[in-house]
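J.: Here it is, the structure, as structure tokens.
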Amino acid sequence: MKTLPLRELLRRPTLVKQLTAQGDSVRVTDNGKALWVVMPDVGEVPVDEEDEAVRSEWIEGYFDDLMLVPVTVGPALSDLVLESRGDR
């Protein structure tokens, strides 16, 4: 595993791309402390259909609840501009 400081990652992101394309993992550090490990892709990750069903159900419920929240309408932008100019 290669180690690169964050500054080097920001300056030369293609280096990380090259290293991961070769199959190497890259540890990114900041002031000597590890932040991330960038790893090469190992292919498709299998999807658990039960987890997907639970996630979809939660999302649907979240948006159903969100639609119940009343929408408050504030003043129009033109009214705010007039007020800021002292025209009102």
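J.: Once whole DSSP H runs in the chain are found, which of them have Cα atoms spread over 15 Å or more along the helix axis and a mean Kyte-Doolittle score of at least -1.0? Before the final figure, lay out the partial values.
T.: Values: long enough: 49-68 (29 Å, -0.65).
Long hydrophobic helices here: 49-68.
J.: Determine the shape class of the chain: with a ≥ b ≥ c the square roots of the Cα gyration tensor eigenvalues, call it rounded for a/c under 1.5, and otherwise prolate if a/b is greater than b/c, oblate otherwise. Please list the in-between numbers first.
T.: Working: a/c = 4.12, a/b = 1.58, b/c = 2.61.
In terms of gyration-tensor shape, oblate.
J.: With label points built 7 Å along Cα→Cβ from the Cα atoms of Val54 and Arg7, find their separation and express it in nm.
T.: About 4.4 nm separates the two model spin labels.
We did not get these values from a lab; they are worked out from the coordinates using the rules stated. These numbers were taken from a predicted model, which means no experiment stands behind them. All Cβ positions, even for glycine, are placed from backbone atoms using ideal geometry, and neighbour counts span all protein chains on display.
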